[in-house]
Structure formats: structure tokens, C-alpha cells
Amino acid sequence: MAGLVQRLGELSLTTSVVLLPLLLLSGQLERRYRAEGRVLLWLLLALWLLLPVRWAPPEAAVLSLPAPQPAQVWGEGEPEDWRVPQAPASTPETPDPAWRWEEAVPWLWLAGCGGLLLWQSAGALLVRRRLLRGAEEKPEDQILLARLWHGEHGPPRVLRTEAAGPPLSLGLLRPVVVLPPDLAGEEAELVLRHELAHIRRHDLWAKALLNLANAAHWFNPLVWWMVRRAGRDLELRCDDAVVAGQDAAFRHRYGGVLLGWAARTPAGSRCAAPLSGGAREMKGRIMNLFTAKKTGVLLTGLCLCAAMLLGILVTFGRAQAQTEDMTAQEALDALGESVALSDKEFSFTIPAGYQPDTDWLIQVSGRYKGENGMSMSLHLVDNDGTQGRWKAGERYVFDLTDDDLTHMELTLWAWLPDESGEVLELQVEFLYSVVSAKGSEETAQKISAQEETLQWPLPGYTEVSMIFGTRVHPISGRTTSHDGVDIPAPSGAPVLAAASGQVAEAGWDSSDGSYVLLTHEGDRTTRYCHLSQVSVAAGETVTAGQAIGAVGATGMATGPHLHLEAAVGGTFADPLAHYPSMTFTYR
């Protein structure tokens, strides 16, 4: 969500550069150009404000390097401090603040956006309920509607209401024209022409788009001003449609109807299209009936191109700024965020913004468990104190599939000198356990002999979208520990118990959604998350292969899938290690 808020901020900034002169000159634009062109301009700008596209420079170059062979082999008596490297210098500990402003900004934006949408929706529903309570159709209105609608598809309903207020149109999918009870004769015909013009031109949908842009950019006063101005231009465009091809006498009669409603209070819903407005607004609308103007299509195209060009320039400029003048601590943080690990490779990117790049010292230590049960320690990456190995802006990828081992733990260490010459240190730990894709059959048999093989909970679905270990959370965007594996499957697919046991918990978690926790013999547990439904209750006894729920997308999930966890003695392990004979595919 932080990325979305950042994108919206960039859009507001760049679009405001175009909006401000347009809004300041809106009076002159109204006198020179038709409302049709101005409405098109506002709608295109509103759509641009909602686009999630990010224009970014090309990604960094990628260098694939093979992982080195183990440096040492130990038995059960291995030293406890095996993975602590010799740092170039001591590192002062800096406490991590418990609360950061940048973490609160996305929630502040979400509260403002949700609150405004809720207020708009509630207002529309209240107005609709008030006006339609006791409303009914009149035969004379149906005759007039049949004559003015000209046999077009999907005519709206025309109702008379006793509630006070001007004539207006409501509804997106099933539009309704609401007329006051005392409207009759030619006035009723002119008013109905106006409301039908709104419906033909989908003005209610246009208002919905403008309101959505307003909610997304509620923090930008220029967007509020644009939405208000666009609403006025929608009325002017509708007036143009009503008087198109009519003589001066018709325009005078229509202007008289507008004046008659000028002093009446408009409806309070931003999702409706009322006929009336303030006296100053009505004066401009009446003058518009007798003035010839240009189309303004060229102006619309130029303004939209300017907004897009500014957006691209600002995004590229921001990306360029991020690659300049990074401090040592910022560079270390950026390196830590770039670290990625899967069952096939380990990678990281050297930040482009820190100079000189010859200052980098990087080491990656690992401890593996081999076929014979021996623990092996190696250096996946060892700078050996040699400066100048790493190049700024490049991504380095190390292959992990050549070793017939079960990876147990990896730790990245990096050092940079700060402005005072003191060496700062970065440590990124990966708690990771996965059988190599090229592991031998003998290794798989030993794992099966040592650990009970579980039953696969989703028969027919063996694709894994997120492996066990460290990952970047797809919703929060933060690097976290992933204590299980994610298996995509259709919503509603049955989830089976991996082994016989007892239901320890069956409930709801804000992150994991609906879940089931099973306990098994040998101090083992399995956990099944993001379920659409739960078929068991706490305390029940289940058998291997029994349906305990269904696949869903509850909690913090981007789509229907099963999150499967397995633990022994309270320590998480890779669930796929329990299925040595199965073949999995990875996204």
C-alpha cells in the first residue's frame, strides 16, 4: 500500500502543475470553448489521477555467479560462533524506532479515502431513499417520456415525489428521473429534456469517476476544485444538448426555466445531477445558451499530454535522485531490502546511489546439513577484504542448485564506512530449510526415513507461489520471514488434513484469515490458512485425508491459495521437505 500512496502523491504533484493554470483560467476557457471539450479534459485528468502505471528507468544489470563449494565440514561438535565473521571494525548499535511516520502515511490516506467514499455513498443512498419514498409514475409523464426518448434502448423511470427539491437524475445502472409534483406543461417537457440529456451522456458515471478521483486525492485541494468545476461544465454540456438545433425562442423559454429554479436549494448528493444551482451559476448557464464557442479538442489533448509528460519526468527524476548522494546507512538499508532467496538462487543488488562503490565489503555465510547428517559451513560470498569487487547498480545472482544439501541457514554481512570513518554493519539472516531441486534420491530416502511423510493437503495442485524462508510480503511490501509455503488453488477446493491428529485451533486471524491448527504425534503441528470455510472445530479428532476446510483468500491474501505450515517442537520447517517424492513447480 505504501507504493500505491507514493504513486498517488506523484500523480497529485504532477497533475497539479497542469490543473492550477486551467482552474485559474477556467472563466476564460468557459467563454471561449464549448463545455463538451472541457468535460472531456476533466474526465481524462480524473482518469489519469487514478492510473497505477509507474514510468521507471530500466532495471539494473544482472550478473549470475556460481556458488562456491563448502569450506569446512564439522560433526556434532561444531562451534557455536561459526557464523560470526571478523568485522573490519566495531559497529555502534542504533536502536530501531518503534514508530515511523512513513508507516503511518498509508493508513492516514486510507482513512481519508475510505471516509470520503463512505460519506458520498451514504449521502447518495439517503437522498435516493428520501426522494423515492412514496414516489409514483404519472401517465402524462410516461407519454412525454415516450415522445422524448425516441424509442431508444433502456428508457429511465420517471417518478413524481412529494419530497422538496429540484428535478434530478439518480442511479448508475438503473437511472431514475425524479420530478416535483407541481411541474406541468412546457416546463415539465423542458425539465425532462434536460434530465434525459444527462442520462444519454452518462453524466452520472462521469460524476462517479470524478468522485472516485476526489476520494483517492482527498489531500489535494486542486482536485476538489476540479471536481466542482467539472460538475458545472457537465450542466453546461447538458444545456448545449437540449438547445442544439433550436431557435432563439426555444432558448429563451429554456432559459426562463433555469431562472425559475435558480433560487431553489439543490439536492445534497454528489452522485446526482440536479437541474438547479446558485444565481451566479445560472447567469453563466443562460449566457452560454446564446454564445457560439470553439470545440477545445486541441486544448484537451495538449493539457493531457502535458500531465503525462510531467508525470514521466518527475518519476524518472525521482528515480535518478534515489541513485545519488546516499549515505552509508541508506546504502546498507537499500542492500538489505534487495536481498532475495529462493530454492534455486540467492541475489542482492548493490545500490547505485552510494559512491565510491569500492568501499563495499560483503560476506554471506551458510550452514548446510548434508546427506550423512554432518553440518557444513561455507562462505557463499567472501570479499576477502578485497575492495572494488562490487559495482554500483548491478544485481548479483548466485546459483544454489548445484549442492546436494538441505540449506539450514544463510546470513549476509556487509560493511561500509560512514562520513566519520566509522564502519557501519548490516546483518540479514535467512532462516531457511529446503531440499535442493537437484537433491539425490538417496537424500530424499533418508529424509523420508527420518521424518513421517505427510499426505498432500491439495491433491492435483502442486504449484508453489511462495516458498519457505524470507520473502517480500505482497501486500505490506516489507521483508519478512515466511513460515510456510503458498499453494494457489481455486476458491472452494477442499483442504485435507496432512496427517491424523487433533484440532488445536480453528478460528480467525487478521493476517492469516480463517485457519485450522492440527497437532500430531511426535510434537508435530500443521497449520492451514486463508480458508474460505472451516469444516472442523477445536477439540475434534481428524484422520489423514479428512476435509478440514476449503481454499479461500481470507485475511491478507492477494488471491485464493492455501498457506501451509509445518513445525516440529514449535520450530518451523519447510513443509515441502515432508514430500521428497513429489515434484513441485514454482512461479
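Bear in mind that the values in this text are calculations on the coordinates, not laboratory data. Keep in mind the model is a prediction, meaning the values are calculated, not measured. Please note: Cβ atoms are built from the backbone with ideal geometry, for glycine as well, and neighbour counts cover all protein chains shown.
Which value, to two decimals, describes the C-alpha radius of gyration of segment 451-587 once divided by 2.2 N^0.38 Å?
0.96
Between Ala244 and Glu136, what is 0.36 nm times their sequence separation minus the Cα-Cα distance? Round to one decimal in nm.
Full-extension gain reported as 35.8 nm.
Which of the peptides 159-165, 345-351 is most tightly packed, and how do the rest follow, going by the mean number of other Cβ atoms within 10 Å of each residue?
In descending order of packing, they fall as 345-351, 159-165.
Applying a 10 Å radius around every beta-carbon, put 210-223, 489-502 in order of their mean neighbour count, most first.
Those peptides, ordered most packed to least, come out 210-223, 489-502.
In segment 219-252, what trypsin sites (Lys or Arg not before Pro) fall in a loop by DSSP, with at most 12 other Cβ atoms inside 10 Å?
In loop regions of segment 219-252 (DSSP not H, G, I, E or B), there are no sparsely surrounded trypsin sites (Lys or Arg not before Pro).
Taking the Cβ-Cβ separation of Met582 and Leu4 as r and a Förster radius of 45 Å, what is the calculated FRET efficiency to the nearest 0.05?
0.75
Give me the distance in nm between label points sitting 7 Å out from Cα along the Cα-to-Cβ direction at Val568 and Ala104, one decimal.
Label-label distance for Val568 and Ala104, simple model: 4.6 nm.
Can you run phi through the Karplus equation (6.51, -1.76, 1.60; θ = phi - 60°) for segment 153-169 and list ³J(HN,Hα) in whole Hz, with x for Gly and Pro?
3J(HN,Hα) across segment 153-169, in whole Hz: 6, x, x, x, 7, 10, 10, 9, 10, 8, 5, 6, x, x, x, 7, 10.
Considering only DSSP beta bridges with both partners in segment 457-587, what is the antiparallel share in %, to the nearest 5?
So the antiparallel bridges in segment 457-587 amount to around 95 percent.
If I take R0 = 41 Å and measure r between the Cβ atoms of Thr543 and Asp399 in this structure, what FRET efficiency does the formula 1/(1 + (r/R0)^6) give, to the nearest 0.05?
Working from the Cβ atoms, E equals 0.45.
At 0.36 nm per residue, minus the direct Cα-Cα distance, what do Thr462 and Glu152 gain on full extension? Give it in nm, one decimal, please.
Length gained between Thr462 and Glu152: 106.3 nm.
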